[in-house]
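The values are calculated or read from the model by the stated rules, or taken from the named source; none is laboratory data. Only a predicted model underlies this, so the values are computations on that prediction, with no experimental measurement involved. Note that we place each Cβ from the backbone using ideal geometry, even for glycine, and neighbour counts take in every protein chain shown. Heavy atoms of the whole protein, side chains included, go into the accessibility calculation; ligands, DNA and RNA do not. Shrake-Rupley method; radii C 1.70, N 1.55, O 1.52, S 1.80 Å.
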Amino acid sequence: MGNLSKRYIPIESERTWRKNWEEKQVYRFQSASRSPVYSIDTPPPTVSGDLHMGHCYSYCQADFYARFHRMKGCNVFYPMGWDDNGLPTERLVEKRLGIRPENVGPEVFILEILKTSQELEHKYKNLWQRLGLSVDWNHTYSTISPESRKIAQYSFIDLFRKGLVYQASSPTIWCPVCRTAIAQAEVSDMQRSSQFVTVTFKLDDGQPLLIATTRPELLPACVAIFVNPLDERHRHLIGHKAITPVFGKEVPILADKKADPEKGTGIVMCCTFGDATDVKWQRERHLPIVAAIDTDGRLGNQAGALVGLNVSEARQEVIKLLADKGLITDISPTIQTVSVHERCDTPIEYITTEQWFVRVLDQKQRLLDAGRAINWYPSYMLARYEDWVQNLEWDWCISRQRYHGVPFPLWYCASCGSVTLADSGDLPVDPRIQPPPAPCKCGRRKWIPEESVMDTWATSSLTPQIAGRWLEPDGLFNQVFPMSLRPQAHDIIRTWTFYTIVKSIYHLDTVPWKDVAVSGHGLSPEGNKVSKSKDNSVVDPLRVLDKYSADAVRYWAASAKLGENALISEERIAAGQKLVNKLWSVSVFSYQFLNGYRIPASSPELVPTDKWVLSQLQRLIVETTQSFADYDHAAAKTKVEAFFWDILADNYLEMVKARLYDEAQGLSGKQSAQYALYKVLSALNKMFAPFLPYITEEIFQSLFTGAASRASIHTEAWPTENKELIDESAERLGEAMVEIAVNVRRYKSQQHLAMGARLDRVTISTEEADLIEQLKSCLADIRSVTRAETVELRLDTARCSESHGKVDVAVGLH
């Protein structure tokens, strides 16, 4: 189907082969096949903005392994999903359309979300297809679809019945802008400029007590004061009481080593709640709770003169009140690390609300053991997982006070308050519009539906179950689960990896995958992670694909190992295009000798140069295969590319040109060269195929299918080593041949001669008599690579004391 014309036009070829692959269903999972299954828990991109080059980087890396295992004979299950429910998609619509559900109503808001999601998902699919991802598009899902909602609700019911979820009214991590509870894993640290305000409290004996704080607006919520018991300056204060300024409330002075003597004055006020330490102190010491901040981020009814003000306004107002009373002794600038919601960079608050939680704190060892049962690539990523689990301080909060999400499948009895769950056979349900299946146990029929929705991670933590159709009777789930591979970026180990392991262990008592391949990020030229939600992507992927090719972009993505970040570099992409062009030109050159060529039933008598290249090929096959098996695609690409440039293009082809043109050694020499060239170029093309799917398909269909109709290079068998072709003697000869070629090229370069310039004579000296005999059998290839009319071989036993390498080369000009 392909045509080895003199010019390769990527955009036209890519369009042709995408259509061909789709029509032939080249990447379709074969449910009836008995081949070993290689299943991939593909990351469903979050519908929170346009995809960028960073996505191309990580998704290409997953595709390398899908393609490799498919060629290794596996039945590859490679689905694609869209994570289009929950807060990220809501935030996108609010930002792009300038609307909020409070203003337009939930129904209109959700319709706009669905419309935006469909538009973006279409764009996502187009990019993935252009990039050449070998996804089976028969297996796609949306995390807000009825099927996904059914699985998420079933998951909740199962956890509820196992006692692994609970509802509690307690301090919750809260985003005032998004107006919802969030989980610990959604909190990031950010540095900002702030102020230490030193405020005067009054001790119970009337003496002043100075406390420096960055949050004076929380004075109405101060419930205790802490000092470090090892701090000799303040140890005498323990057991006394103090009076808060302006608000006049008496609070105890307590001891705790978490009070930092080096911070501020070394005396800390505990407010409900300023940070996670306040939450710990309140729980440990059973302190009262004063709810100073409401869910909208404004000071509440217990804030006195500050009521109704937002946090920033309240901070300025309380500073003014304190200053007017002469109760501020110092205001000094400081750099403060604050906890922010990773979705919007808003400083979080800790507010007492009623939420649903999944138990994880009492299951840490079980979850650590699960992590250790998985193979991590690179291996050090396990430490990130373990660090997260070991330092967990909160159970997993899965309820959100938002609109677009999976509803909780439950109702509360309006009379007795008990919970009634939906029947599994009725899922998915929306308790806000559907009644429960039966009356409450108390006999009443008046219900209050749960208004909160599930966190998006509560659904996306079930991607193996969703992609595998866990609750369906078709048997797919048992074929693909546990999955072979979870590819993902390192920044969501604490969320997607952790939560998926939690759900798999809790529901199925097994880990969800055999291997986890953790990618790095594509970085802007300044070294920053690019993010679709923050609109800081610097290069439009479609523009790059149009300018270069999909294969060139994939080459860039293959240039760094798993776990490593990579700059988005057009220079590296251009290098990939150079490789594509060279692979094409080598194939065009080879076409004249291989068009219609058929591998003979038995190998012809091989010239030593051909033995050398075939022996090197066997070693390459072994090393490349092992690199892929070790999830080291970068090493695999480097090895194949080095062989292509250094052995095939730069040396071997130049050595055998004369024989290929039938100018030397007659028919047998040509047949030997044809055989070796076919074997080498065919195997290289296959080993390049996971990285460069388009150009390799074009070459395969034009040069290697013969008269038979073969679906695709991507369903061909991966090259295997032929140990009979390993020839160490030929390899030593080949090393000397390359050395001769390099020396002659160096000479021509120094003399400002063209590489194809003819030479009168090349004299080759070596102290190895055996090598002289081998070189005699390759004189035609030496003349071909050097363009010398005469090649003279000399045995020189004296050269070894002062020379390097196997040979010395002297050149004579006309």
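Accessible surface area normalised per residue over segment 572-725 is 35 Å², counting heavy atoms of protein chains with a 1.4 Å rolling probe. Magnitude of the charge dipole for segment 559-625, about its Cα centre and with charges confined to Cβ atoms of Lys, Arg (+1) and Asp, Glu (-1), is about 80 debye. The length gained on full extension between Ser312 and Tyr661, counted as 0.36 nm times the residue separation minus their Cα-Cα distance, comes to 117.5 nm.
If you filter segment 9-103 for chymotrypsin sites (Phe, Trp or Tyr not before Pro), then keep DSSP loop positions with at most 13 other Cβ within 10 Å, what is left?
none
The slack in the chain from Glu526 to Ala754, taken as 0.36 nm per residue of separation less the alpha-carbon distance, amounts to 77.9 nm.
Between Val104 and Leu542, what's the calculated FRET efficiency when r is the beta-carbon distance and R0 is 30 Å? Round to 0.05. It would help to have the intermediate numbers written out before the result.
Working: r = 32 Å, r/R0 = 1.06.
That pair, Val104 with Leu542, gives E of 0.40.
Which distance in Å, rounded to a whole number, links the C-alpha centroids of segment 301-344 and segment 611-658? About 65 Å separates the Cα centre of segment 301-344 from the one of segment 611-658.
As a calculated quantity, the FRET efficiency between Ser602 and Ala574 at R0 = 41 Å, using C-beta atoms, amounts to about 0.40. Each peptide among 229-241, 691-703, 630-642 gets the average number of other Cβ atoms lying within 10 Å of its residues, and from highest to lowest they stand as 691-703, 630-642, 229-241.
Sort 381-389, 437-445 by packing, meaning the average of other beta carbons within 10 Å per residue, with the highest value first.
Working: 381-389: 17.6, 437-445: 12.4.
Highest mean packing first, the order is 381-389, 437-445.
If you place +1 on the Cβ of every Lys and Arg and -1 on the Cβ of every Asp and Glu, how big does the dipole about the Cα centre of the chain come out, in debye to the nearest 20? Could you put the intermediate results ahead of the total?
Details: 93 positive and 100 negative charges, 233 e Å.
That gives the chain a dipole magnitude of about 1120 debye.
Please label the shape of segment 396-480 as rounded, prolate or oblate, based on the square roots a ≥ b ≥ c of the eigenvalues of the alpha-carbon gyration tensor (a/c under 1.5 means rounded; beyond that, a/b larger than b/c means prolate, else oblate). Verdict is oblate for segment 396-480.
Let's test the formula: R0 of 51 Å, r as the Cβ-Cβ distance of Glu232 and Cys442. What FRET efficiency results, to the nearest 0.05? Before the final figure, lay out the partial values.
On the way: r = 61 Å, r/R0 = 1.19.
Plugging the Cβ-Cβ distance into 1/(1 + (r/R0)^6) gives 0.25.
Normalised by the residues of the chain, what does the relative contact order come to in percent, with Cα pairs under 8 Å and at least six apart? It would help to have the intermediate numbers written out before the result.
On the way: 1479 pairs, mean separation 125.2, N = 814.
With pairs under 8 Å counted, the relative contact order is 15 percent.
Heavy atoms only, probe 1.4 angstrom, no DNA, RNA or ligands counted: give me Leu421, Leu660 ranked by accessible area, highest first.
From most accessible down to least: Leu421, Leu660.
Amide hydrogen proximity for Glu450: with H placed 1.01 Å from N in the peptide plane, the residues at 5 or more positions away or on another chain lying under 5 Å are Leu410, Tyr412. Computed about its Cα centre, the charge dipole of segment 620-681 is approximately 260 debye, with only Lys, Arg, Asp and Glu carrying charge at their Cβ.
Taking Cys175, Cys416, Cys74 and ordering them by how much accessible surface each has at a 1.4 Å probe, largest first, produces Cys416, Cys74, Cys175. Could you tell me what percent of the accessible area of the chain is made up of carbon and sulfur, with a 1.4 Å probe and every protein chain present? Heavy-atom surface of the chain belonging to carbon and sulfur, 1.4 Å probe: 47 percent.
Remark: segment 455-461, residue by residue, has Karplus-estimated 3J(HN,Hα) of 4, 4, 5, 5, 8, 5, 6 Hz, where x stands for each Gly or Pro and the curve is 6.51 cos²θ - 1.76 cosθ + 1.60 at θ = phi - 60°.
Give me the net charge of Tyr747's neighbourhood, meaning all other residues with Cβ under 14 Å from the Cβ of Tyr747; Lys, Arg count +1, Asp, Glu -1.
Working: positive: Arg745, Arg746, Lys748, Arg758, Arg761, Arg787; negative: Glu739, Asp760, Asp808.
Neighbourhood net charge equals +3.
Solvent-accessible surface of segment 478-518, averaged per residue with a 1.4 angstrom probe and all protein chains in place: 24 square angstrom. Extension gain for the segment His122 to Glu564, taken as residue separation times 0.36 nm less the Cα-Cα distance, is 156.2 nm to one decimal.
Taking only DSSP H segments of four or more residues, each worth -39500 (n - 2.57), what value at 222 nm results for the chain once the sum is divided by all its residues, to the nearest 500 deg cm²/dmol? Can you show the working numbers first?
Details: 25 runs with 313 residues, N = 814.
That calculation yields -12000 deg cm²/dmol at 222 nm.
How would you rank 287-295, 510-518, 550-558, 257-265, highest first, on the average number of other Cβ atoms within 10 Å across their residues?
Values: 287-295: 19.0, 510-518: 21.0, 550-558: 27.0, 257-265: 15.1.
Per-residue mean Cβ counts within 10 Å order the peptides as 550-558, 510-518, 287-295, 257-265.
The mean accessible area for residues of segment 117-233, using a 1.4 Å probe and ignoring ligands and nucleic acids, is 37 Å² per residue.
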